[in-house]
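Let me give you the structure first, and then I'll get to my questions.
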């Protein structure tokens, strides 16, 4: 009996060991995903359970051997990526339950492989980052150069989430990462259209940027303001409204702010940052040194943002909320996190998908920036003395600029003041300046305007015939024959119609609001009058007509993409707009530029 008992016990123990052997606890490969950023490409392997692996790199190939892993029969064994730094991924089963992931790499890349544990709806993951150190160095250099030049007020805009972290998701499957990127791009373009401001994004595509990198970008630019743009969510679909948050070092101002900060601070873990849990590395001593001034400035700026948002949408909290957001821990830079609307609310989700609402939100925030960071108007240089020569009996008469006023005084006519008129409106109606009106009427800037009063305005200039212009040019050139001046290159003319807005005119003529404002020396708030003539950038169509009339053939130029290039940089370098580059090259918003890629440029 004792011998039988021993044999039975041994058999049970062997069965337990056999059934708990790792061979039977295999992990499955669930999915392979990838994103491309300007300075790296990320590949993510989703697995059903935690898995051990080995990494080897040789001959521009990266081998990752997953132990005790299997792959389904229907799962693809080859992925053609053609992304920056990586061409394709091969999956090869090896003996002893090993699956080899083979990545074909490009030139001048560095690789980083790490694991991420299950979190919320994310499975266990193996993350491979293919990094481009040359691109990162170039981008960092350009940011630091912008900081040194300091020609403009610099605003860094941070679209929340991205890549593997979609953020909140609405009932219509709207993802927070996409709508906040759209709003951020609009805000950047609006600010860049204003004189004295320069705005930059922490990301300009669907990829994740770790907290440390976002803060580093702001510091390298020497930002005057940092704005993190988000869309809120809550389990109750009735929750709605915009809200504004600043940093707190002593806890949250409310339980809602505390929960929001906790969720947002998990973004590094969801997005796949290798040190997500340790992103908060700000020195508490430095933070305490700066906290009073910077946080108070952030709170003041936040109040301005709330006031402007209240004009375009419902505001949830009337006061700026406070919470310990990691992404706002910039001790020297006023920083805000703006929750634009509730993506979990069906009505506000529809608004967030609307381009019009996105523009309204962007305009409201831009107005707050202008209010908080006013730009001093640049004083024009003093007018130099003008020397005029008059040919009479070979004698020269010299006059100073003061004498020229006596020679040719500006002609004027009368204008009757109407209800609602201001000096600014009257000046624009008559294509003149407020200072000219004040001088003509011996007025001061704060003098009241009375309804029905006659006001002197400059008389409209008479059109000059080509023959007369040619004679005047001949005289001014000392008798030498000169052709009449040609129209400014690269521009056309558009007559404003009823119902027109700058946005409609820009879309109709394949350009941007910023380009129209710059060409016409306008501000965004200026009203459009029916019949007003606007200069337009020359498009491919009217450029061809103009060159055809001049007896030339229309040319299309080609630009070859370099390391560190973005559409925004190329557009500024080539004196065009991002929308024009996208249209000519059929580039979608999420498309990535590759080194040596050829881009068509508009003729100019």
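The values are calculated or read from the model by the stated rules, or taken from the named source; none is laboratory data. Quick caveat, the model's predicted, so the values are computed rather than measured. A quick note on method: Cβ atoms are made from the backbone with ideal geometry, for glycine too, and the neighbour counts reach across all protein chains shown.
Condition test on residue 171, is it within 30 Å of residue 354 (Cβ to Cβ), touching a residue at least 24 places away in the same chain (Cβ under 8 Å) and crowded, with 19+ Cβ neighbours inside 10 Å?
Considered against the rule, which asks whether it is within 30 Å of residue 354 (Cβ to Cβ), touching a residue at least 24 places away in the same chain (Cβ under 8 Å) and crowded, with 19+ Cβ neighbours inside 10 Å, residue 171 comes out as no.
To continue, here is another question. In the list 217, 155, which residue meets the criterion of being under 13 Å from the mean Cα position of the chain (by Cα), surrounded by 21 or more Cβ atoms within 10 Å (Cβ to Cβ) and at pLDDT 90 or above?
When all the criteria are applied, what remains is 155.
While we're looking at this one, here's another question. Could you please let me know if residue 162 is surrounded by 19 or more Cβ atoms within 10 Å (Cβ to Cβ), on the phi > 0 side of the Ramachandran plot and modelled with pLDDT of 90 or more?
In short, yes.
Just for segment 426-462: of the residues that are surrounded by 15 or more Cβ atoms within 10 Å (Cβ to Cβ) and part of a helix (DSSP H, G or I), which one is modelled with the lowest pLDDT?
428
Looking for whichever is assigned to a loop (DSSP other than H, G, I, E, B) and modelled with pLDDT under 75 here; the options are 497, 481. Which one fits?
481
Could I ask something else about it? State all residues of segment 54-74 that are touching a residue at least 24 places away in the same chain (Cβ under 8 Å) and within 25 Å of residue 108 (Cα to Cα); if no residue qualifies, say none.
Across segment 54-74, the qualifying residues are 55, 57, 60, 61, 62, 63, 64, 65.
Taking the stated definitions as given, is residue 182 over 18 Å from residue 339 (Cα atoms) and either in the same structural domain as residue 359 (by TED's automatic domain parsing) or surrounded by fewer than 22 Cβ atoms within 10 Å (Cβ to Cβ) (or both)?
Considered against the rule, which asks whether it is over 18 Å from residue 339 (Cα atoms) and either in the same structural domain as residue 359 (by TED's automatic domain parsing) or surrounded by fewer than 22 Cβ atoms within 10 Å (Cβ to Cβ) (or both), residue 182 comes out as no.
Does segment 116-135 include one or more residues that are within 21 Å of residue 374 (Cα to Cα), surrounded by 17 or more Cβ atoms within 10 Å (Cβ to Cβ) and under 20 Å from the mean Cα position of the chain (by Cα)?
No.
Right, here's the next one. Failed condition for residue 488, given (1) surrounded by fewer than 17 Cβ atoms within 10 Å (Cβ to Cβ); (2) modelled with pLDDT of 50 or more, with all others met?
Unmet condition: (2).
Name every residue in segment 220-244 that is part of a loop (DSSP other than H, G, I, E, B) and crowded, with 22+ Cβ neighbours inside 10 Å, in order of residue number.
Answer for segment 220-244, where residues must be part of a loop (DSSP other than H, G, I, E, B) and crowded, with 22+ Cβ neighbours inside 10 Å: just 223.
State whether one or more residues within segment 322-331 are in contact with a strand residue (DSSP E or B) (Cβ under 9 Å, 6 or more places away or on another chain), under 19 Å from residue 503 (Cβ atoms) and at pLDDT below 95.
No, segment 322-331 contains no residue that is in contact with a strand residue (DSSP E or B) (Cβ under 9 Å, 6 or more places away or on another chain), under 19 Å from residue 503 (Cβ atoms) and at pLDDT below 95.
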